[in-house]
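Inspection log for the structure reproduced underneath, given as structure tokens.
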Amino acid sequence: MGAFDPVQTFEKGTYIETDTGNKVSRKATILGATNIILGGKSIIQTRAVIRGDLRRSAPGQHVVISMGRYCLVGEGAVLRPPGKIYKGAFTFYPVRIADFVHIGADAIVEAASIGHGVEIGAGAIVGKFCIIKDLVQILPDSVLPDGAIVPSMTVWGGNPARMLSSLPETYQETIEERCKSYYQRFRAV
Amino acid sequence: MQSVLYHCAHLEEPRAPLPPSYPSSFADFAPLNHLYFCEECDAIRCDDCVAIEVASYYCPNCLFDVPGANVRADKSRCARSCFSCPECSSCLNVLASEQASDSSRAATASGTSATHSSSAPYLLSCPACKWSSKEIGWKFDKPTSLASQLSQVYSAPEDVQAEFDALKDHLEGYISQSAPPPTAGKGSGHHRTPSRHIAQITQAAARALRREVPGMGGPRTGAAARRKAGEKSDNRAGWDQLAPYEAKDSWKEEGLQRGVDDVDTMRKLTGEEVAPIEKRWTSAWEPPRMSSETMPQRIPLQAKLTKRCPHPTCRHILIQPDTKTVRMLIKMVGGNYLPAIELGRRRRRLVDEALDGLTEEELERRRRERRRTRINLAREEDEDMTEPLHPGEVYTFQLAFTNPLYDPVQVRLGAAHQPRGPVQPSHHIFTPTAHFTVGPLKDAWAYDEEDEDDNVEDDAGTGGAAGHGGDSVSERAKARMSLAGLPSSRHRGREAEVEKRGNVTKVGLEVEVLPGASGPVEFDLEIRFTYRADDAEGGAGPAEGPGEAAVTGSGKDAKEEYKTFTFWTRDIRDMDAAVAVDGQPGLGLLTQRVWTSTRPNGAPPPGGIELAGPADMQKGGQAERDGA
Ligand SMILES: [Zn+2]
Ligand SMILES: [Zn+2]
Ligand SMILES: [Zn+2]
Ligand SMILES: [Zn+2]
């Protein structure tokens, strides 16, 4: 699989590589970096925006965004925690993202949690407090309404997004391999 | 890019599919990641042929597992609080009504206790289009179990309920005498049971009839029903003597009234108020005509499926989901058995003269010449895979084979043997390397070490696959020798075109699009791969000795596979205007389908594969092989 996938190159020095193998573009906007946890071997591309600064209003240290291994925040994608009024005060809630999650270019994600092996297509919008379970495909340019719950092994698309079909039983291997392969092909010139 | 499709022969004897010029042939193809593999039958299975059982039901919105016993009573929809929006089908949220939230805010401001009826009544609200159940007057006292609250408050209209009861009584009389339910207290021996099959059906129907139907009144297990059953059983009517049911009310009158109303409505129509067709056919009773009449629907349940081999004597489980997690307890999928095939690296051959106006013989002569001298003739230009192909051009591609097995496999490409299609093929296909090996799957670290040293030697051996892929021991032995890397002089000059890395081997594929061709280019390729069978069948097991065991693998190791390569061009005028792909969004110009079938143990190989076949594509390759 992926025998002909081309190498994705970036200019040397435009990405910072961390000890755990994360590759983070210098041109990505990462706010509140201390509130963000990356699991390793994840990629944050140019123009991506990650809002770790939108933290819970309660005092103390809070993890705002946690992301697993082999994830991708594509070019221009926006990842921000969801917020709402609770007991009369507006507050943000943390985002949990598991392993093997690809967020496509220019997607906007305000989900509460994203499971293992999830592909969010380019230009898709994932509304506030969405819960995306393991092994899900969100098609490009679809719009998930706020609070939507997306069960495992399903494909969603459209505006507003609906369940369109189910994924084949082989999907876990497919997406894991694709995410690993993408990470390995993404390297400096 | 899952563009190559594989063939499933379903329950038939594996055979070459009909050529791609028969549109019906496409139905038997699926991408590799959608296929299953039954080890017992040694056969590919697909979603069209596997037997399916429901392992568990769940609601896709609240993710609650629904016990199978409740599913029918719940009409296969979530019986908790999950509703879909009548306008946009999104899942509705339960919200406290505005007045209530206002008043509770006022309450907290004035310092009174917040326990005061927190914020009832509750409404359903759509997060996507902002539709609210206020529009149809639905309100709920508590934010949970909305479905049961609803069935109490908003049940079916009087006349519908009466009709339903009458129909139920009618059917109950019939069912109770052919298969009395246990509550009737009679042994089934008193009654005529036409067959076990019918009895099962009627029993199931009896159970269904006694079940509570949401929106309708409670089940009539009272005296009336029992009396009826008693009367009928005396008559001992035959099981198939069901009297026709007469409706209590004429629906004609009602329909007429509705018709008059509809005419009135239509006079005032401005456009958007008519319910869209998908809203109308999803509601079973009286479909809403106007969008203001569409109601929220309970969310349909989803099911996890167990899939079995469809073969009547096999029935092995191919897919067994875990009801609690996304894991599969049993997962027999095609990708674990068959090499994955991909197509890539397209190049166009640069030629000086146009092919237009040449006769068939001239074209054939040029073709042979080109193949003889192809090593020298390296003038090729890389092209994008998504660009349209042009008639009269010769393209080369690479076919990549990825081995999923922990043993090397030997692959043999050939033309598919199939009847000539109704349409002449618009192209010629040539595979310069018909035999090659694909390395074993290993852990990632093992590849790095091996890459430096052994590829050269390995390549030299790839041409030696002289075996017919047949079942004789000597053939197998030969095949195994070449797997071990014995050099062979045959086809040696061609090996330069084989690219190997780890468990991936890439070989060339030549596509000549004939001048004047239009439409898709599709072809079938038979791929036979030989691998070591660990578990020999029956008595010829490995127990006979290690040396024997290696070669007695039975017929398990012979597979044929048919591949279809497809691309679209249009007629010549359109072709220069490039991208004539409007009709195929997302497909680009190249779609391939690979069709795979396996051969059962001991079956002879399909006749004449090594001989010149009827397909045009075969001729070139065969002539080449003969000449070598
Ligand atoms: Zn099938
Ligand atoms: Zn079977
Ligand atoms: Zn539900
Ligand atoms: Zn809606």
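The values are calculated or read from the model by the stated rules, or taken from the named source; none is laboratory data. None of the values given here were measured: they were computed from a predicted structure. Cβ sites come from the backbone with ideal geometry, for glycine too, and all protein chains shown count toward neighbours. Heads up: the accessible areas ignore ligands, DNA and RNA and are worked out on the full protein's heavy atoms, side chains in. Shrake-Rupley method; radii C 1.70, N 1.55, O 1.52, S 1.80 Å.
Residues of B:61-67, mean number of Cβ from any other protein chain within 10 Å of their own Cβ, rounded to a whole number? Show your work: numbers first, answer last.
Numbers: counts 5, 2, 5, 0, 0, 0, 0.
The mean count of partner-chain Cβ atoms within 10 Å per residue comes to 2.
Just check the range A:8-188 against the gyration tensor rule for me: Cα atoms, a ≥ b ≥ c as the square roots of the eigenvalues, rounded for a/c under 1.5, and otherwise prolate or oblate depending on whether a/b exceeds b/c.
Working: a/c = 1.74, a/b = 1.04, b/c = 1.68.
Since a/c reaches 1.5 but b/c is at least a/b, the shape of the range A:8-188 is classed as oblate.
Per residue, how much accessible area does the range A:8-188 have with a 1.4 Å probe, in Å²?
Details: 7830 Å² over 181 residues.
On a per-residue basis, 43 Å².
Roughly how big is the B-A contact, given as buried accessible area in Å² (both sides, 1.4 Å probe, nearest 100)? Please report the intermediate quantities before stating the final value.
Details: alone 33270 and 9510 Å², together 40590 Å².
Buried area (both sides, nearest 100 Å²): 2200 Å².
Whenever you get a sec, compute what percent of the accessible area on the range B:1-72 sits on carbon and sulfur atoms (1.4 Å probe). Walk me through the numbers on the way to the answer.
Working: 1760 of 3250 Å².
C and S fraction of accessible area: 54 percent.
Relative to the compact-globule scaling 2.2 N^0.38 Å, provide the ratio for the alpha-carbon radius of gyration of the range A:87-189. Intermediate values should be presented prior to the final figure.
Details: Rg = 14.1 Å, N = 103, 2.2 N^0.38 = 12.8 Å.
Compactness ratio reported: 1.10.
Counting only protein heavy atoms, probe 1.4 Å: which residues of the range B:501-529 lose 30 Å² or more of accessible surface in the full assembly compared with their chain by itself?
B:LYS506
Based on alpha-carbon centroids, what's the gap between the range A:149-173 and the range B:259-279 in Å, whole number please?
35 Å
If you count, for every residue in A:126-138, the Cβ atoms of partner chains within 10 Å of its Cβ, what is the mean? Mind dumping the intermediate values first?
Working: counts 0, 2, 1, 1, 1, 1, 0, 3, 3, 1, 1, 0, 0.
Averaged over the peptide's residues, the number is 1.
Any idea which of A:SER42, A:GLY88, A:VAL150 is furthest toward the positive side of the dipole for the range A:8-188, if Lys and Arg beta-carbons carry +1 and Asp and Glu beta-carbons -1?
Value: A:GLY88.
With a Förster radius of 35 Å, plug the Cβ-Cβ distance of B:VAL260 and B:LYS75 into 1/(1 + (r/R0)^6) and report the FRET value to the nearest 0.05. All intermediate terms of the calculation are to be shown ahead of the outcome.
Values: r = 32 Å, r/R0 = 0.91.
E between B:VAL260 and B:LYS75, to the nearest 0.05, is 0.65.
Report in % the part of the accessible area of the range A:8-188 that belongs to carbon and sulfur, leaving out ligands and nucleic acids; probe 1.4 Å. Walk me through the intermediate numbers first.
Details: 4100 of 7830 Å².
Of all accessible area on the range A:8-188, carbon and sulfur atoms account for 52 percent.
Compare each residue of the range B:317-332 in its chain alone against the assembly with all protein chains, and report those whose accessible area goes down by 50 Å² or more; 1.4 Å probe, heavy atoms.
B:VAL326, B:LYS331
Please list the non-local residues whose amide H lies under 5 Å from the amide H of B:LEU514, H modeled 1.01 Å from N, same-chain partners needing a gap of 5 or more.
Answer set, sorted by chain and number: B:GLY392, B:HIS427, B:HIS428.
If I model a spin label at B:ASN336 and B:MET385 as a point 7 Å from the Cα along the Cα→Cβ vector, what separation in nanometres do I get?
Once both label points are built, they end up 2.7 nm from each other.
Summing -39500 (n - 2.57) over the DSSP H runs of n ≥ 4 in chain A and dividing by its residue number, what mean residue ellipticity at 222 nm do you reach, to the nearest 500 deg cm²/dmol? Kindly include the intermediate steps, with their values, before the conclusion.
Values: 1 runs with 15 residues, N = 189.
So the calculated ellipticity at 222 nm is -2500 deg cm²/dmol.
Past 19 Å, Cα to Cα: identify those pairs from A:LYS84/A:LYS128; A:LYS84/B:LYS130; A:LYS84/B:LYS134; A:LYS180/B:LYS442, in the order given. Before the final figure, lay out the partial values.
Working: A:LYS84/A:LYS128 9 Å; A:LYS84/B:LYS130 17 Å; A:LYS84/B:LYS134 23 Å; A:LYS180/B:LYS442 16 Å.
A:LYS84/B:LYS134, as the Cα separations exceed 19 Å there.
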